[in-house]
Structures are given as C-alpha cells and as structure tokens.
Amino acid sequence: SMAQHVYVAGMASTGCRNFQPCMAAIMIFAVASEAIRLRTSTTIANESCSFLAHAPGFRHDETWITAGPSNILFQHSDVLVVSAEDRMRRYLVFRQDDGSCNEQAEQVCEVPPTSMASTPGDASLKCAACNLGVAEPPLSYLRSMIAGAVQLLGDSGNRMSTTHMLSIGLGSGALPAWLLRNTDAQVDVAEIATGVVEASACFGLSNLPNFHLTHDDGRHFLEQQSQGSYDVIFVDAFDSNDTIPCGLSTADFFAMVRSRLKEGSGILSLNVVDKPPLEEVLASVQTAFSHVMLGTAPGLTNRIILASASDSAMLEASVENGNGPTARWFSEAMFHGIDTASDTASRGSSVRHDSNCV
C-alpha cells in the first residue's frame, strides 16, 4: 500500500498492484551512455522506459506503456505521472535503480486534459487538471478495502458526516478520492514520498473539502494523534519493491493502530501483497485485534485484512448492510472470519516485531 521502516525508510505509497517490475532489457528508448544507467537521484526527463499497466479493454486488462517526453505529465526524481493514450487514465510510476519502471497506482480523469506538461522534469510544475467523475476506484483491491470498512462500520446508508478516516499511503489518491466524493467523512492522508505528494494535483486532489494531506512518515504521523481519533485506518503503503515497510507490519505498530481507533467501533483495513508473507502480517495483526477478517481483490493477488476494535464479534457484518456499491464489493471480496482463538504461541514465530526491523 500500501512503502523498510523507519515506518518507512523508502516507502512511497500506495496502493500497490502486483505487476512484475519491467526489466531494463525491454526499455524502448536506449541511450548509449553508461552515465544514464548510473544516473544520480535526478532522473533525466527524456529517458524512456516501459511498464505493464492496468488497462481495461486489453487482453487480461493489461498493456505495455512506454513512458517518455510525450506522455510524462509530471516528474520528481524517480516518481512519474504517465498518461495513457486516451489521456484520461493516469498512472503513478516509479523508476527503479536499473532504469526500469513499474506502475504503483492509477486514477481516471472524467475529461481528457487539454494540455500536457512541457517540462516534466520541473517538480514545481502542476500538470493539467484531472476532474474526478468516475463512480468506482479503478482497482479491485481499493474497492475491497473501502467496502470492508464501510460495511463493518454499518454506515453504508448515509454520508458518514461524523466519521474520521486516515489513509497511510497516498498513491494516486483513488481511495481518498472515492471517500471524498461519496461521503462527508473527514479524510486524512499521510505520505512520506515527496514526489508522490507533489504529484497529487495530477490526480485531482487539489483544494478538496474535508481532505488533509500531510507529508510525513505514516507511523510518525499516527504516533502524534490522540487515542481513539479514527473510525477507520487504511494502510496501503509499499516501497518501490512492492514490500510493506517493516515498521508498518509489526505487532508493535498494530497495537498503536488499535489505540488510535475508536474503541468499540474502529476498523483497520490493510492491503497485503506477498512481501512480507501474508501469514506473518496476519499473525502480527492478531496480537492486537481479536476480530479479524480476510478478503480478496478480484482479478489481483492482493489480500485485504480487516480488523475490528470492537469487543464483540464482527462476523455479523452482512453484505445486506445497504444497497449501494459497497455491499456488492464486499460480497465480491469474499471476506471471511479468521480464527483468533487458536494458541498464540503456535504462531509466535511468525509475529513481526519492531526489533526485527533494520
């Protein structure tokens, strides 16, 4: 997400898709200079690279896109915003040390932009406006994360005007954008990566009511909040290698998350891919939460962990809670309860602790 701790040394955010990173061998635009492969932290704007992108309508809903001067809308160091050919779908892309690129997140703009950024290497440049008009987040793991939280809160039938939510990890902002368009909740976001924060305007996240974006280490941000501050905490934070930062996947971290959730009703919604292993993250969550559910992201390998701060069982949550899209997304995610009554010692070796983080 979801980004290996300092909460993050090296986490950048959001919303991770499990696409294979592109290999340097498939770079479309080759530049015959070793200096480019050994570039400094400032990426040369006219370097091109290809990445596997989520693209509905193509075979397997994926296609290769080449990022270059003609479609890079924004660039800060190795963080890029790349436009699809239709100029409506925008991708948050990380360039790797070997020169390859991989998609981290995406957003769909309702109206194609009228102009492209002419000098994408200028980090202060704001790209053309993105009008958020789509009804659904573009990726299924986001829909599962949202549906789990909304259904378990029992608030799918209203605008949640008194609800306070936090997302650790911004990505393309598709998760907070949906919440801001479809609820009246107050939404906070903590994002550590400077480039991702500066790119937020490219994804329609400028001057939105009830939205507070903080450039900060997500764990540090959470430590500064009062106990019982949030109804929901989303964790969707990954580094450029699609790994959850160590400090965002330990028993110590989840104990702090539990303390910052409203007692008796707060919900954790966590995106997991495969690093660290799901069983380790799940075991660590279970040290702080007695009621845990696990769901899928249709079409993707992501798994979504839901945990309740309630002292009563959360399994009574039903897909009949409301008739909106979240009820359908909840059903599609196939959430099911995880047995937390088993002997904690039997999974003790799998629990992650802050002391394990380098």
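Below, the figures for the structure above:
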read-out: Qualifying residue in the range 321-336 (condition: surrounded by fewer than 17 Cβ atoms within 10 Å (Cβ to Cβ), at pLDDT below 90, in contact with a helix residue (DSSP H, G or I) (Cβ under 8 Å, 6 or more places away or on another chain) and in a loop (DSSP other than H, G, I, E, B)); value: no
read-out: Qualifying residue in the range 265-272 (condition: farther than 26 Å from GLY195 by Cβ, of a type outside the set (Gly, Ala, Ser) and either surrounded by fewer than 24 Cβ atoms within 10 Å (Cβ to Cβ) or touching a helix residue (DSSP H, G or I) at 6+ places or on another chain (Cβ under 8 Å) (or both)); value: yes
read-out: Filter pass, GLU34 being among the acidic types (Asp, Glu), at pLDDT 50 or above and open to solvent by 40 Å² or more (accessible area, probe 1.4 Å); value: no
read-out: Residue in the range 241-264 that is polar (S, T, N, Q), crowded, with 24+ Cβ neighbours inside 10 Å and either in contact with a strand residue (DSSP E or B) (Cβ under 9 Å, 6 or more places away or on another chain) or more than 26 Å from ASN131 (Cβ to Cβ) (or both) present; value: yes
read-out: Any hit, the range 280-296, residues being within 27 Å of LEU73 (Cβ to Cβ) and touching a strand residue (DSSP E or B) at 6+ places or on another chain (Cβ under 6 Å); value: no
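Okay, residues lined up against (1) open to solvent by 30 Å² or more (accessible area, probe 1.4 Å); (2) under 23 Å from ALA128 (Cα atoms):
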site: ALA177; (1), (2): no, yes
site: THR183; (1), (2): no, no
site: GLU198; (1), (2): yes, yes
site: HIS215; (1), (2): yes, yes
site: GLY218; (1), (2): no, no
site: GLN227; (1), (2): yes, no
site: PHE238; (1), (2): no, no
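The values are calculated or read from the model by the stated rules, or taken from the named source; none is laboratory data. All values reported here derive from a predicted model rather than from experimental measurement. Methodologically, a virtual Cβ is constructed for each residue, glycine included, from the backbone with ideal geometry; neighbour enumeration extends over all protein chains shown. In case anyone asks, the SASA skips ligands and DNA or RNA and just uses the protein heavy atoms, side chains included. Shrake-Rupley method; radii C 1.70, N 1.55, O 1.52, S 1.80 Å.
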